[in-house]
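Values in this text are rule-based calculations from the coordinates and carry no lab data. Here the structure is a predicted model, which means the values were calculated and not measured. Heads up, the Cβs are rebuilt from the backbone with ideal geometry, glycines too, and the neighbour counts pull from every protein chain shown.
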Amino acid sequence: MIYEIIGSRILAPHIGTSTYTWTSLIGVILAALSLGYWLGGRTADKKPDIKILASSIFLAGGLVSVTILFKDSVLTVIAASSLPLELKAVLAAVFLFAPASVFLGFVSPYAVKLKTTTLDKTGNTVGSLYALSTIGSILGTFSAGFFLIPFVGSTRTLYFIAGSLFLLSILLAPFAISRSNIAILVIFTLGLVSNEAQTYYLRVYHNYYDIDTEYNRVQIFETKHQKDGKPIRAMKIDPSFYQSSMYLDSDELTSEYAKFYHLIRYYKPDFKKTLMIGGAGYSFPKEYLKTYPNAEIDVVEIDPQMTAIAKRFFRLKENPRLKIFHQDGRVFLNQAPTAKYDAVLMDAFTSLFSVPFQLTTIEAAIEIKRILKDDGVVIFNLGGALEGKGSRFLHAELRTYNAVFPHVYLYKVDTSKDESNTQNVIIVALKGEHSNRSLKNLPLKTTNLVRNLNQGNISLSEQIPSDNLNSIEYYNSLIQR
């Protein structure tokens, strides 16, 4: 169970943490275990020997060591391919986690055979071993989620798994040193040393940090802005996009899409109280506090450690006008008071690999409308195309908000991009009646944003996503292709 849960963190930087990733890991590991059960049972009937059991456990540790050593190389090749996400996830699970799982599956039936001394006690023996196995799975599950991932880290937990298997094997039946056993230990050592050396090098020379939190595997690093070449610090939790970034020498927004949240002063000039769902590096909340000294903002960020990262790496400071709630965004919406906010800003869809589906549904849109004041506005960013197969997520969200709000508008962040290209788009929905707004008192930067309003007709033929039926991960798989 630890191996399976850690697998999701190993795959995350390369193919994300969507349902496809979990489905592939669980399915492939179950298939591998089944093969192992079959092989273990057949072998036990032919040659029951404690040394064979110990050898299979030792070999399982060796195959975990292979995962440690080659995981990044294998995942880089798979992620760079043009295969659909579903197949990428399956292949990654097969190459990295199936081999060791076969030998882990080998253990149970073989142990049952060794422990069975008489047919009269077969039921008791099998029941005791499976009860012990289940208790171990329970302890492993809680240990992985509550301790190993947030405090030890995903890669170092693989060291722990491999080392525990080696130790258990030796305790069961010490065996002679052989070339194959030495080779396995060398692979383990190479994997450990190479990973630790890489971690040290990246941290010292590139200010790179790889942090496991309760909810994400977060990568922090310094690079240069793609457009102006200025040095920035970035945060990434999926293979393709920064979730947050900031200039090292200024507080100016680095992400073009984040600037569109300033449309709030066009659609709701008298706003005082704003809710933002999705904190990450807190780029726009910091901008909001600086730009609007008389307004307050509540930020909902599910991951407490993400807030700690923002304070450590992204210059987030305490402010009496900023309240932070560490809670799932949808749960917060369900519990928030009616008509509390002038505006709701959503920044939860910056990833195409781990979109929180519960925030994409019509039920979520209804809750957002409920907590807005009568003339309130919701503004959110998502990635997708305006036309073609990559447009289905956008079309589904547009249809959802058109079903709930009387007025919905679409903005292209970069008007030079072709309609069929994947890009950042901004959806604006108004709870109140539309009225003509003036650009006279707006800053020039905001005026330019308003001019990015999309004037074309967008299809509203996609099915409205609901809590019961939601195809968001399939839509985003199409975008990734």
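Quick look at the values:
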{"read-out": "DSSP-assigned coil residues among trypsin sites (Lys or Arg not before Pro) in the range 191-261, each with at most 15 further Cβ atoms within 10 Å", "value": "LYS227"}
{"read-out": "Extreme residue, positive dipole direction of the chain, given options ILE5, GLY61, SER24 (C-beta unit charges)", "value": "GLY61"}
{"read-out": "Contact order relative to length of the range 2-205, as percent, for alpha carbon pairs under 8 angstrom and 6 or more apart", "value": "37"}
{"read-out": "Average Cα contact separation per residue, the chain, under 8 Å, 6 or more apart, as relative contact order %", "value": "14"}
{"read-out": "Length-normalised contact order for the range 123-252 - Cα pairs under 8 Å, 6+ apart - percent", "value": "14"}
{"read-out": "Rounded to 10°, Cα long-axis angle of helix 85-115 versus longest principal axis of the chain", "value": "30"}
{"read-out": "Isotropic mean projected area of the C-alpha convex hull, the range 256-480 (nm²)", "value": "11.9"}
{"read-out": "Segments 439-451, 74-86, 372-384, 304-316 sorted - mean Cβ within 10 Å per residue, highest first", "value": "372-384, 304-316, 74-86, 439-451"}
{"read-out": "Two-decimal log10 I(q)/I(0) for the range 262-326, as the Debye equation yields it once each C-alpha is a single scatterer, q = 0.27 Å⁻¹", "value": "-1.24"}
{"read-out": "Nearest-ten-degree value, helix 304-313 long axis tilted from longest Cα axis of the chain", "value": "70"}
{"read-out": "Principal-axis tilt of helix 154-172 within the chain, Cα atoms, nearest 10 degrees", "value": "10"}
{"read-out": "Unit charges on C-beta of K, R, D, E only; dipole of the chain, Debye", "value": "460"}
{"read-out": "Kirkwood hydrodynamic radius of the range 119-237, Cα pairs, Å", "value": "18.2"}
{"read-out": "Within the range 154-253: Cβ-based charge dipole about Cα centre, in debye rounded to nearest 20 (Lys, Arg +1; Asp, Glu -1)", "value": "380"}
{"read-out": "Unit Cα scatterers, Debye sum, the chain: log10 I(q)/I(0) for q = 0.09 Å⁻¹", "value": "-0.69"}
{"read-out": "Radius of gyration and Dmax over the Cα atoms of the range 2-205, both given in Å", "value": "17.9, 65"}
{"read-out": "Listed peptides 123-136, 392-405 by packing density, highest first (mean Cβ within 10 Å)", "value": "392-405, 123-136"}
{"read-out": "Ellipticity estimate at 222 nm from DSSP helix runs (n ≥ 4, -39,500 (n - 2.57)) divided over the chain, nearest 500", "value": "-17000 deg cm²/dmol"}
{"read-out": "At q = 0.13, 0.14, 0.22 Å⁻¹, base-10 log of I(q)/I(0) for the range 302-373 (Debye sum, equal scatterers on each alpha carbon)", "value": "-0.46, -0.54, -1.14"}
{"read-out": "Positive-end extreme of charge dipole, the range 256-480 - chosen from ILE362, ASN470, THR415 (charges on Cβ)", "value": "THR415"}
{"read-out": "Paramagnetic reach from MET1 in the range 30-69 [backbone N under 18 Å; point 7 Å along Cα→Cβ]", "value": "30-31, 33-34"}
